[in-house]
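Worksheet for the structure shown next.
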Amino acid sequence: MSQIPAAPRPVAAARRKTAAPDATPARRGRPPKAQAKAAGETRELILDAAEDLFSKHGFYGVTIREVAREAGVDTALVHYYFGAKRDLFDAVFLRRAEVWNNERVAAINRYAAQAEETGRPMTLEGLLEAFLRPPFEWSLKGGPGWKHYSALVAQTNANPTFGGETMARYFDPAIRRLIELIAQVLPEASEVDLYWGYHNLSGALTLTLGETGRLDRLSCGRARSGDLQTAGDYMVRFAAAGFRAVAGLSPSS
């Protein structure tokens, strides 16, 4: 038969009950919430630095070491959060693409719903205004980060190596929704007509948001590439006329 453990001595038990508060070992490190906040801030810092550098030098002109130096962190930390350079680039691209796409789709869906509720037919100008205004507004009022992102999108859209795949991955769902609604306004246009129409609009949009200064030089300062409010107004009308002009060029399949 096993022995019955001896009862603790009264003095020892009393000591355990009356231990001073400072006898409890101190917790080391940051609390979990503070750790999460610090990690989130570090990730944003790295993304901001990478966005700035990629927008100026392109994907191939930037190294992870340069991103780490710009962000003021160790290179290993960049790898820890994002992995390889392409993964970091994708993270940079996705962060603001979600904002653009969500706002654009919400805007054209609202416009289509209002048209149905009021019985007023949709117009190309109305659809394009709803779709184009969010990226112009973010570039106008969103601060330097959005300027960098717009320049990065312009570069990526013209990149023959991986630009098409990247743009398709992050922007196609929003674009397809726009084309679906334009098809309702232009029933005579074939799918080929609509895709060519958007192709031309896409080039104009990303070049304009890139604010390269080309327009300033070409016009001797009469028109300014940084005047995005005016640029948006011109683009809505120009793109609407362009879609109408190409409708019917290619026979429907």
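The values are calculated or read from the model by the stated rules, or taken from the named source; none is laboratory data. Because the structure is a prediction, the values reported are computed rather than measured. Note that each Cβ is placed from the backbone with ideal geometry, even for glycine, and that neighbours are counted across all protein chains shown. Calculation scope for accessible area: heavy atoms of the full protein, side chains included, ligands and nucleic acids excluded. Shrake-Rupley method; radii C 1.70, N 1.55, O 1.52, S 1.80 Å.
Solvent-accessible surface (1.4 Å probe) assigned to Trp100 amounts to roughly 10 Å².
Largest first, the extents of the alpha carbon coordinates of the range 138-253 on the three principal axes equal 44, 32, 25 Å. For trypsin sites (Lys or Arg not before Pro), the sites in the range 183-253 that DSSP calls loop and that have at most 15 other Cβ atoms within 10 Å are Arg222, Arg224. Counted residue by residue at 0.36 nm each, then reduced by the alpha carbon distance between them, the extension gain from Asn102 to His57 reaches 13.4 nm.
Legend: residues Asp193, Asp48, sorted from most to least accessible area (1.4 Å probe; ligands, DNA and RNA excluded), read Asp48, Asp193. For the range 121-253, the residue among Asn200, Tyr170, Gly221 whose Cα projects farthest onto the positive side of the dipole built from Cβ charges is Gly221. The Cα center of the range 71-92 and the Cα center of the range 138-161 differ in position by 19 Å.
Note on Glu66: accessible area approximately 70 square angstrom, rounded to 10, probe 1.4 Å, nucleic acids and ligands left out. What the phi angles of the range 167-174 give under the Karplus curve with 6.51, -1.76 and 1.60, with θ = phi - 60°, is a coupling list of 4, 5, 5, 9, 10, 4, x, 5 Hz, glycine and proline written as x. Taking all protein chains together and a 1.4 Å probe, the residues Leu249, Leu228 rank Leu249, Leu228 from largest to smallest accessible area. Per-residue accessible area (protein heavy atoms, 1.4 Å probe) orders Arg169, Arg43 as Arg169, Arg43, starting from the largest.
Each Lys and Arg Cβ is given +1 and each Asp and Glu Cβ -1; about its Cα centre, the range 132-253 then shows a dipole of about 400 debye. Both the radius of gyration and Dmax for the range 65-174 are 17.6, 59 Å, in that order, over alpha-carbon atoms.
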